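The values are calculated or read from the model by the stated rules, or taken from the named source; none is laboratory data. Nothing here was measured: the structure is a model prediction, and the numbers come from that model. Backbone-built Cβ (ideal geometry, glycine too); neighbour counts: all protein chains shown. Surface accessibility is based on the protein's heavy atoms, side chains included, excluding ligands, DNA and RNA. Shrake-Rupley method; radii C 1.70, N 1.55, O 1.52, S 1.80 Å.
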Amino acid sequence: MSVPTRPGGAAPPLPPLPLPRSPGGGGRQGRSPKKRRVNESISTWRLTDRIGYVLMWAAGLLLCAIGIGILAYMAFKGVQYLRPQLVLTSPTADIDQSSSGGFLDPLLGTILITLIGIAIATPIAIGAATWIVEYGRPTWLARLIDSGIEIIAGTPDIVIALFGLVLFQQGIFGWMSFTATGGAVFGRSFLTAGAMMSLIALPMVFAATREGLQSIPLHIREASYALGKTKAATIRRVLLPSVKANISTGAALGMGRIAGDTAIIVVLLGASLTLDPEGDVPGLNVLKGTGGTLTSYVYNNSPAGEGNAPQKAYAAAFVLLLIVLALNFAVDLIARSGAKTGLETSRLGAR
Amino acid sequence: MIDPHESTARTAQTTDEPANGTMPPPIRRITLDSQPTVALPPSQDAVAIANTGDRSLAAAGRPARGVAGPERMTISGLSVYYGDNHAVKNVSLPIRQGEVLALIGPSGCGKTTLLRTLNRLTELTGSARREGLITLDGTDIDSLEVTEHRRRVSMVFQQPNPFPMSVFDNVAYALREQGSKRPKKKVLEPYVVDALQRAGLYDEVASNLDHPALRLSGGQQQRLCIARALAARPEGLLMDEPCSALDPKSTNVIEELIVELRKELAIVIVTHNLQQAYRVGDHVAFMYLGDLVEYGPTDDLFDNPKAARTRDYIGGAFG
Ligand SMILES: Nc1ncnc2c1ncn2[C@@H]1O[C@H](COP(=O)(O)OP(=O)(O)OP(=O)(O)O)[C@@H](O)[C@H]1O
Ligand SMILES: [Mg+2]
């Protein structure tokens, strides 16, 4: 039986290590009159540690400054030019800024493309993540899927856009976009752009879902099996509901990415000023048609583009920033509420 | 065999606080169970720990023995291997309705493995291999559909493991068909309430069945898990150290529950707490390194253990 050694036990106490004292030290001996707690002083640190410490602070402050700077500048410029009228009227091509309308269409375009992209990405990502975590056999296939998604995540959006253009100009995808009388497929539409946009959001939803599923301890699954439930029932009724917060977080992040993307809009959506429906089936015609989003609108109206209406560009950019910030805020909110009810606070540790 | 005085003693004890000496002192929390992963050979330690209990006190707080009913499950020649590790060696045991079978033995002797095999959960472990026959009401359990078998023989784990959903949904999940959302809440409510009542939890959660289960206390969570296991009206209940994470009071509640439930169920309980085995067990099986060393009625096994190893392990457990 081992008795824990107590201070003053059998072992003779070691002599104190000759450690250097802090120059301003001596505070621990005797009480200072003001009863101030003596904190660790940076002056005792090595020079390299001190430099590193200062650099870390500087980096943090710099990032803060950049973030606040962008926000403040955009808010200043945006609020200055933002009028309700701008959000409510469609743009028209006019060299005169006072009669070139607002950016209702691009705003709708952003919302539409974001919804299409996330609607395609989420189920696929959840399915892939669930398969990888809960089945994952054969291993080589799981690894293949994993690397596939990694490749998608690492591919620049302009490459994805060009790939999409080549892909959707194939005859079998003719139903997704405008097809000329000769049979040439245009390949640009909300559907095709949305499909490619889903690739941008997919890795984020996938990673979030997978992480969530992996954090569920094994004994939760066993508890379900022990009740005579099948694996499918366990996944549907226990596991996926538990990772709802993770899925929403991933989806919100992915939506932010879609809303902010420009390359796919320019290549695959036409980046036109207004929504240009295609065909006469209501609803489908918009999806089959081309259009633009806030990103392409900002680009076109910026000094770099041809519209040259920088004030409207600022206003639109501000709205876009608000949308993305709102999505980020939603992520935070979801993550926090997830922490309240999710597994993290449970008494069960991972096995 | 049923002594009326004993049962009155038990009823009296349920209303009393544990501190007034009608039941053994809650020594177990700080002793055998505190570190279940550390192998505890039947050493002087165990004897010394067990010695602190008092047999007469334990007997006073002990419920009457159950009346052995029909044999529901039979284990014959069961061996379980994890790869090369022979975890359960040629074990044969009967499991009867109306009584509680307590499995005791030092850590790592294969109790959990045996229990999980009865529920066919070992099959989920890739490296595990099983030999021997287990029957449920005379039918080889391998020939039963595995989900149906697990519904008939339910399991409660050492760690409380409620699902991250509401109290109601935890129980309702067990009642519903595979993955279905039907029947609706209204229809299920009486069954859920019944299961919670049988598990002795209902009064504490009645006001808020939509409360997230993970915010219940550990003891409440464990009773919720029992309610969940009972909801589908199983015929057998396997409990793997159900009280090891609980305080003496919750332990007491669950022990009473076990004694109550054995009338309708065949119960197997794994425990490191010899006093618990003595209190709730009608038969006790002592395992050592995968072998079933001794099996017999609780009183016989504790009074005059036949095997030397059993004697060493429980030796003087009650002074
Ligand atoms: N999943 C597993 N994979 C491989 N070996 C395992 C596994 N589970 C248990 N074992 C081994 O099987 C043997 C019996 O383990 P088991 O968990 O049944 O012991 P136990 O009697 O329940 O112990 P305790 O009282 O500590 O819970 C041990 O040697 C253990 O290492
Ligand atoms: Mg165990």
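The contact residues of the stretch A:224-241, meaning those that lose at least 20 Å² of 1.4 Å-probe accessible area when all protein chains sit together rather than their chain alone, are A:TYR225, A:ALA226, A:LEU227, A:GLY228, A:LYS229, A:THR230, A:ALA233, A:ARG237, A:VAL238. Highest mobility in the GNM of chain A, judged by mean-square fluctuation with C-alpha springs under 10 Å and restricted to A:VAL267, A:VAL319, A:VAL238, is found for A:VAL238.
Each of A:GLY136, A:SER147, A:ALA259 was placed along the dipole of the stretch A:82-339 (beta-carbon charges, centred on the mean Cα), and the one lying farthest toward the positive end is A:GLY136. In chain A the longest region clear of GluC sites (Glu not before Pro) that are loop-assigned by DSSP and have at most 12 other C-beta atoms within 10 Å covers A:41-305.
Would you mind checking the pairs B:LYS89/B:LYS306; A:LYS244/A:LYS288; A:LYS229/B:LYS111; A:LYS244/B:LYS111; A:LYS231/B:LYS111 and listing those with alpha carbons more than 30 angstrom apart? Provide the component values of the computation, followed by the final result.
Details: B:LYS89/B:LYS306 20 Å; A:LYS244/A:LYS288 32 Å; A:LYS229/B:LYS111 24 Å; A:LYS244/B:LYS111 36 Å; A:LYS231/B:LYS111 26 Å.
A:LYS244/A:LYS288; A:LYS244/B:LYS111, as the Cα separations exceed 30 Å there.
When +1 charges are put on Lys and Arg Cβ atoms and -1 charges on Asp and Glu Cβ atoms, the dipole computed for chain A relative to its Cα centre reaches about 2620 debye.
Relative contact order of the stretch A:82-339: what whole-number percent is it, with Cα pairs under 8 angstrom and at least 6 residues apart? Mind showing how you got there, number by number?
Numbers: 425 pairs, mean separation 64.9, N = 258.
Once normalised by length, the contact order is 25 percent.
For the stretch B:211-239, a drop of 50 Å² or more in accessible area on going from the chain alone to the assembled protein chains (1.4 Å probe) is found at B:LEU214, B:ARG215.
Would you mind getting the accessible area per residue of the stretch A:82-339, heavy atoms of the protein chains only, 1.4 Å probe, in Å²? Please report the intermediate quantities before stating the final value.
On the way: 11330 Å² over 258 residues.
It amounts to 44 Å² per residue over the stretch A:82-339.
Overall, the accessible surface of the stretch B:67-314 at a probe of 1.4 angstrom is composed of carbon and sulfur to the extent of 48 percent. The stretch A:294-315 and the stretch B:154-174 have Cα centres spaced 56 Å apart. Listed by chain and number, the lysines whose C-alpha is less than 25 Å from the C-alpha of A:LYS77, apart from same-chain residues fewer than 8 away, are A:LYS312.
Need the full-extension length gain, A:ASP49 to A:GLU134, defined as separation in residues times 0.36 nm minus the C-alpha distance. One decimal, nm.
Values: separation 85, 0.36 × 85 = 30.60 nm, distance 4.52 nm.
26.1 nm is the gain from fully extending A:ASP49 to A:GLU134.
Between A and B, buried accessible area from a 1.4 angstrom probe totals roughly 2500 Å², ignoring ligands, DNA and RNA.
Per residue, what accessible area does the stretch B:67-314 have, given a 1.4 Å probe and all protein chains present, in Å²? Could the numbers behind the result be given before it?
Details: 8880 Å² over 248 residues.
Counting only protein heavy atoms, the per-residue value for the stretch B:67-314 is 36 Å².
Taking a Cβ cut-off of under 13 Å around B:PRO305, the surrounding Lys, Arg, Asp and Glu residues balance to a net charge of -2, with basic ones at +1 and acidic ones at -1. Reachable aspartates and glutamates from B:LYS184, Cα under 18 Å, same-chain residues fewer than 8 places away excluded? Qualifying aspartates and glutamates at Cα under 18 Å: B:ASP169, B:ASP194, B:ASP210.
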